[in-house]
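In what follows, a structure is listed as structure tokens, so that the remarks can point back to it.
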Amino acid sequence: LKRGAMPRPGAASRKSTVVGGTPKNDDDKEKKKRIEQMKRQSTMQSNATVDFMIEDLQEEGAPATKLSTPEWLEMVLAITRITELQFRIAEEREERAKDTYQNPYQELYLIVTSLNFEIAVAVVILLNCAMIGVEASLPEETAAGVFGGLEHAFVFIFFVEWCLRMRAFGWVWLFDLPNAADSFLVFGTGVFPKWFLEPAGWDVSAVRVLTVLRALRLVRIVRVVRMMPEFKELWMLIQGLMQSARPLLWTFVIAMMILYVFGVAATELIGRQTDFVDDEYIQDLFGNPLRSMFTLFQMMTMDTWGYSIARPVMEKDWWMCLFFIAFIMIGVFVFWNLITAVIVENAMSIANEDAQQKAKDVEVQKKHELQVLADLFLEIDTDGSGELSTDEFFGALEKPRVRNLLQVLDLRDEDMEEVWDVLDDGGVLTIKEFTNGLRRMKGEAKAKDIIDVIKKLRHTALFHTELRAQVDQFNASLGGLEHDVQRIQNDAGEVLGLFQEMYHRLQAHIEKEQGEDRLHAMKMAKLRELREEAEANGEDPSDLDEAALLRRIAGGS
């Protein structure tokens, strides 16, 4: 104690234990580093997709002020080793609260936490209560052996159930108040009296009266099914009964004040009046303040007060009707209606608080999932780029921590390829796409998700209709274009025919011109020969022209 070696309770808690408003362990530092890293990533991304996750982590890691414990109490707790026990309880709860914690009895845990198991236990409790009622209604020692055997069977079933819960939830389960009360009912009203005290010869008849308290264990199943709309009213009634202790206390105080004031007045006005001193019946009703208070309480419950209380008094002093009317007005019309209003208001506040608690539970679950997804994203994003590639995503599946986080999110390794195909739309995943996608894929489809899918399908149908109309319009345009192309082809054929005719005519003309050119050349060559002959014969070659040439050619031929 002098060295201060004994740790204080809750010192192992990562989330709430602080000293002077500063973090007390390394996990807070890691959380700060993670927040800073996510802030740097958010500056790298233009859309700042991680801001909402940073706010959640900052809210969760916000330090809370811890009340100081007196030193003498700390010393007493340390001497009795309660401090060490508290530390070990906090440490075990912290270990079980980790996201990577693997329950060594996972299958048993799933069985114990299932609704079917709770319903089976509730049926056994109801049967036990019915047996106790039947046994109490019969004469003593009637079928004692049968009832004794059934009691042993019920005690054995409750003991086995208690052992299963201890194994599934661990030894810290015993240190929660509802579980401690449940354990007292199992052992205090069953195991110890039936298996130890009764065989030892002890009289356990007084303890057996407490066995009917086992029906209180049914509250546990109501807490399990309280989220279901079918059991909303039942949970409100139970909550109203449990939270009506304080209103009932103040109701008792005010009722006693009213009864005391009017009881003293009734004793003076009625019990000590000369007309009623010798009346034994009136003296039994108003002879002293206690009798008067009990009589007025009977009047407050409206139990035959007119003929058995008020009228016998009014027969001798009819003015006392004003006293009774005043008491009925205050004690019944005002007081009881106020009590009804308070109880109704309390029930409405319980309903509102229950709705708010459900919303808080959902918000806490959402923040928990966001934290798990943030840890998972940071674990997978090895290069710190703020985006996940295909290699990073599938390469991280080999890490045990990543597989544990996926199990927390109810995702299997063999489904991750399909998950990537659903989430991926560009080769990489941002943190917003990763977190929102995995959160929506976790568990069953919600109503808003179904509505979102229906909305997207409606938009897709509208887009398909528009696309179909565009395709029909494009088909019509292609038909018109095909008709135009056919016309162009026909016109091109006609033009080609005209060009062929023009080609043939031009070819014939060219051949004709070439023949004429050859004939003209022959003529000119013959003319030169004739001129040369004329010169050789001494004739004048100038007399030879083309016409003379033709005559000679004709005459020579």
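The values are calculated or read from the model by the stated rules, or taken from the named source; none is laboratory data. What you see is a predicted model, and the numbers here were worked out from it, not measured in a lab. No Cβ is skipped: glycine too gets one built from the backbone with ideal geometry, and neighbour counts run over all protein chains shown. Please note that ligands, DNA and RNA were not included when accessible areas were found on the heavy atoms of the full protein model with its side chains. Shrake-Rupley method; radii C 1.70, N 1.55, O 1.52, S 1.80 Å.
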Per the 1/(1 + (r/R0)^6) rule, R0 = 56 Å and r from the Cβ atoms of E315 and A143, FRET efficiency to 0.05 is 0.50
Residue separation between N537 and Q486 times 0.36 nm, minus their alpha-carbon distance, gives in nm 10.7 nm
Under the rule rounded for a/c under 1.5, else prolate if a/b exceeds b/c, else oblate, using alpha carbon gyration tensor axes a ≥ b ≥ c, the range 110-165 is classed as prolate
For the pair W195 and D284, the simple spin-label estimate (label points 7 Å beyond Cα toward Cβ) gives in nm 5.4 nm
Expressed per residue, the solvent accessible area of the range 121-169 in Å² (1.4 Å probe) is about 53 Å²
The percentage of the accessible area of the range 152-285 (probe 1.4 Å, all protein chains present) made up of carbon and sulfur atoms, to the nearest whole number, is 72 percent
If each K or R counts +1 and each D or E counts -1, the residues other than E466 whose Cβ falls under 15 Å of its Cβ total +1
Here the gain from full extension of I450 to T465, 0.36 nm per residue of separation minus their alpha-carbon distance, amounts to 3.2 nm
Length-normalised contact order of the range 224-341, Cα under 8 Å, at least 6 apart, in percent, tallies to 20 percent
